[in-house]
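Undergrad: Following this message is one structure expressed as structure tokens.
The values are calculated or read from the model by the stated rules, or taken from the named source; none is laboratory data. All values derive from a computational prediction rather than experimental measurement. Neighbour counts run over all protein chains shown; Cβ positions are idealised from the backbone, glycine included.
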Amino acid sequence: MKWIDITQPLNSRIGHWPGDVPFSSGLKLTKEQTGSVNIGNMSMSLHTGTHADAPFHFSDTGSTIDELDIHIFIGPARVIDLSGETEISRAALEKHSLEGTERLLIKTAVPNRPENFPETIVPVLPDAGPLLKEKGIFLIGVDVPSVDPLDSKEMESHHALYENGIHILENLMLDTVEIGDYELIALPLPITGGDGSPVRAVIRKLGGGKGEQ
């Protein structure tokens, strides 16, 4: 089976958090200038595009991105579709089969337009954290910039997931992905002291059912 790229492309059009550092890239030195190679550079927030949050992002005592086990971000994952819901709550999740997976990727934004920072999202509610822990899930991936409402200052869902041992991927591209079971690779960079990191997220379909009731 082919790998499917579920990463937002990084370019000058990509949406970013208001007031945060936008993505930019270009050639710092050309081959003509160096006599041998082109050398590029880039500038961006660690929370622009497809990325992993480290607990340190929302907790001063939380682990930084370089301290997280890379195996969190590699392995079987299930894609479910909650695009018809207004929130990712315990009740919404209980409509789906969550047994037999440790990583859950949730589709809500259809279509997904990475060049537009959304005005509203389908947020995760804090009551989802205990359910995911009960099911043995330790990684959640969403296709929007945050698991909390965009105007949240308390970051209740970030904290609820963290308290239940659940790590976070944000800004995945899932709108054209079928529900079902996949192999996931979404490795963050080992940024020392980082509160997050961009990831290149890819999935590959696994055999068997679609993981839905």
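Undergrad: Take segment 167-213 and flag every residue that is modelled with pLDDT of 95 or more, of a type in the set (G, A, S) and not in a strand (DSSP E or B). So that I can check it myself, show each step before the final result.
TA: Going through segment 167-213, the residues modelled with pLDDT of 95 or more turn out to be 167-205.
Applying the additional criterion that residues be of a type in the set (G, A, S) yields 180, 186, 193-194, 196-197, 201.
Those that are modelled with pLDDT of 95 or more, of a type in the set (G, A, S) and not in a strand (DSSP E or B): G193, G194.
Undergrad: Among L68, L46, L27, which is hydrophobic (A, V, I, L, M, F, W, C) and within 16 Å of P145 (Cβ to Cβ)?
TA: Result: L46 is the single residue among L68, L46, L27 that is hydrophobic (A, V, I, L, M, F, W, C) and within 16 Å of P145 (Cβ to Cβ).
Undergrad: Say we look at segment 110-136 and pick out the residues that are of a type in the set (A, V, I, L, M, F, W, C) and within 16 Å of I168 (Cβ to Cβ); which of these is surrounded by the most Cβ atoms within 10 Å (Cβ to Cβ)?
TA: For segment 110-136, the residue satisfying everything is V124.
Undergrad: Output yes when any residue across segment 167-175 is crowded, with 16+ Cβ neighbours inside 10 Å and among the charged types (D, E, K, R), and no when none is.
TA: yes
Undergrad: Here's another thing I want to ask about it. With the checklist (1) in a loop (DSSP other than H, G, I, E, B); (2) within 28 Å of I140 (Cα to Cα); (3) over 15 Å from the mean Cα position of the chain (by Cα) in hand, flag the one item T48 doesn't pass.
TA: (3)
Undergrad: Can you confirm whether N116 is assigned to a loop (DSSP other than H, G, I, E, B), in contact (Cβ under 8 Å) with a residue 12 or more places away in the chain and over 23 Å from D181 (Cα atoms)?
TA: Yes.
Undergrad: OK, next. When residues of segment 1-32 are filtered for being in contact (Cβ under 8 Å) with a residue 12 or more places away in the chain, surrounded by 12 or more Cβ atoms within 10 Å (Cβ to Cβ) and over 30 Å from L105 (Cα atoms), how many remain?
TA: 1
Undergrad: Within segment 1-24, count every residue that is outside any loop (DSSP other than H, G, I, E, B) and acidic (D, E).
TA: Step one: filter segment 1-24 for residues outside any loop (DSSP other than H, G, I, E, B), giving 4-5, 7, 24.
Restricting the remaining residues to those that are acidic (D, E) gives 5.
Result for segment 1-24: 1.
Undergrad: Name the pairs: first residue in segment 60-77 and part of a loop (DSSP other than H, G, I, E, B), second residue of a type in the set (S, T, Y), Cβ to Cβ under 7 Å, at least 6 apart or on different chains?
TA: G62/Y162
Undergrad: Determine which single condition G35 fails, assuming it passes every other condition in (1) on the phi < 0 side of the Ramachandran plot; (2) without any contact (Cβ under 8 Å) to a residue 12 or more places away in the chain; (3) of a type outside the set (D, E, K, R).
TA: Of (1) on the phi < 0 side of the Ramachandran plot; (2) without any contact (Cβ under 8 Å) to a residue 12 or more places away in the chain; (3) of a type outside the set (D, E, K, R), only one is false for G35: (1).
Undergrad: OK, next. Is it the case that segment 176-197 has a residue that's free of Cβ contacts under 8 Å to residues at least 40 places away in the same chain, over 18 Å from P123 (Cβ atoms) and of a type in the set (G, A, S)?
TA: No, segment 176-197 contains no residue that is free of Cβ contacts under 8 Å to residues at least 40 places away in the same chain, over 18 Å from P123 (Cβ atoms) and of a type in the set (G, A, S).
Undergrad: Output the residues belonging to segment 43-75 that are farther than 18 Å from N164 by Cβ, crowded, with 21+ Cβ neighbours inside 10 Å and not hydrophobic (A, V, I, L, M, F, W, C).
TA: Selection gives H47, T48, G49, T50, H51.
Undergrad: For segment 86-97, does any single residue satisfy the condition of being closer than 22 Å to G15 by Cβ, acidic (D, E) and free of Cβ contacts under 8 Å to residues at least 60 places away in the same chain?
TA: yes
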